[in-house]
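The values are calculated or read from the model by the stated rules, or taken from the named source; none is laboratory data. None of the values given here were measured: they were computed from a predicted structure. So basically every Cβ, Gly included, is an ideal-geometry build from the backbone, and we count neighbours across all protein chains shown. We work out accessible area using only protein heavy atoms, side chains counted, and drop any ligands, DNA or RNA first. Shrake-Rupley method; radii C 1.70, N 1.55, O 1.52, S 1.80 Å.
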Amino acid sequence: MQHYKITAKGRVQGVGFRNFTKALADTKGYTGTVQNLANGYVEIFVSLDDLGAFLHELKKGNGRMHPNSFEIEILDSLQFTTFEVLA
């Protein structure tokens, strides 16, 4: 299991991106958090096995969201037991 901090950029606020991300994470059994940032981006902390598949699903989205880039940082560890949407 790898641990990541992902910053999603593009049209990712006000379009259901956080709830979509949570639903995806819950379906796959991933743990972490997702939250809006003041600069219009969305920040995701997540532990998962297949980053490529996760990003692919986020890019497909729900039809209203349009993430155009992801900034990815590999982390040593994360200590989450569920996946939560933060305010």
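Structure data summary
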{"read-out": "Anchor residue 9: aspartates and glutamates whose Cα lies under 17 Å away (excluding residues fewer than 8 positions away in-chain)", "value": "43, 57, 71, 73"}
{"read-out": "Accessible solvent surface per residue of the chain, calculated while the other protein chains remain in place, 1.4 angstrom probe, Å²", "value": "56 Å²"}
{"read-out": "Cα-projected label distance for residue 13 with residue 28, points at 7 Å along beta-carbon direction, nm", "value": "2.5 nm"}
{"read-out": "Only Lys, Arg (+1) and Asp, Glu (-1) charged, at Cβ; the chain dipole about Cα centre in debye", "value": "440 debye"}
{"read-out": "Accessible surface of the chain [probe 1.4 Å, protein heavy atoms]: carbon and sulfur percent", "value": "47 percent"}
{"read-out": "The chain, helix-only ellipticity at 222 nm - DSSP H runs n ≥ 4, -39,500 (n - 2.57), divided by all residues, nearest 500", "value": "-7500 deg cm²/dmol"}
{"read-out": "Stretchable slack from residue 71 to residue 50, in nm (0.36 nm times residue separation minus alpha-carbon distance)", "value": "6.0 nm"}
